[in-house]
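Single-structure report; data block below.
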Amino acid sequence: MGRSSLEEGEQPPILELQVFTDYSVVTVTNEGFVDDAIAAKRDRLEFEKVDEQRWQIVWAGDQQRCRRGRDLEEWTTQLCP
């Protein structure tokens, strides 16, 4: 999910945090890949509150936005062409 340094053309990751009473969502978006198929990638982690000091990951997944094909602005879990 994370990298120690940026490759040429890459941009710093964008971190988004949504916090609710007993539920939180963390999304990390990376853009500017040198890859010829993938334009951007995002990882999403969903947490549920266990108690006052602990949270538990209940779901994790990722999506990418493709450089080629249809719907270049859409996020997908499918492989990019």
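Could you please tell me which pairs satisfy a Cβ distance under 6 Å, a separation of 6+ or placement on different chains, a first residue in the range 9-38 that is over 29 Å from residue 50 (Cα atoms), and a second residue that is surrounded by 13 or more Cβ atoms within 10 Å (Cβ to Cβ) and polar (S, T, N, Q)?
38/64
Suppose we keep only residues that are farther than 17 Å from residue 62 by Cα and among the aromatic types (Phe, Trp, Tyr) within the range 12-40. Which one would you say is surrounded by the fewest Cβ atoms within 10 Å (Cβ to Cβ)?
20
Being of a type in the set (Phe, Trp, Tyr) and either touching a helix residue (DSSP H, G or I) at 6+ places or on another chain (Cβ under 9 Å) or within 30 Å of residue 7 (Cβ to Cβ) (or both) is the filter here, so list the residues in the range 35-63 that pass it.
So in the range 35-63, the residues of a type in the set (Phe, Trp, Tyr) come out as 47, 55, 59.
Across the range 35-63, the qualifying residues are 47, 59.
Filter the range 65-78 for residues that are in a loop (DSSP other than H, G, I, E, B) and touching a residue at least 24 places away in the same chain (Cβ under 8 Å) and give the result.
To start, the set of residues in the range 65-78 that are in a loop (DSSP other than H, G, I, E, B) comprises 67-75, 77-78.
Selection gives 67, 68, 72, 75.
Test of understanding: among 43, 62, which residue is surrounded by 12 or more Cβ atoms within 10 Å (Cβ to Cβ), of a type in the set (D, E, K, R) and touching a residue at least 40 places away in the same chain (Cβ under 8 Å)? I'd like the intermediate steps shown before the answer.
On the way: 62 fails: touching a residue at least 40 places away in the same chain (Cβ under 8 Å).
Only one candidate passes the filter, namely 43.
Identify the residue in the range 24-63 that is under 21 Å from residue 77 (Cβ atoms), of a type in the set (D, E, K, R) and not in a strand (DSSP E or B) and, among all such residues, is nearest to the chain's Cα centre (by Cα).
35
Just so you know, all these numbers are worked out from the coordinates, no wet-lab data involved. A quick note: this is a predicted structure, and the numbers were derived from the prediction, not measured. Every residue, glycine among them, receives a Cβ derived from its backbone with ideal geometry; neighbour counts consider all protein chains shown.
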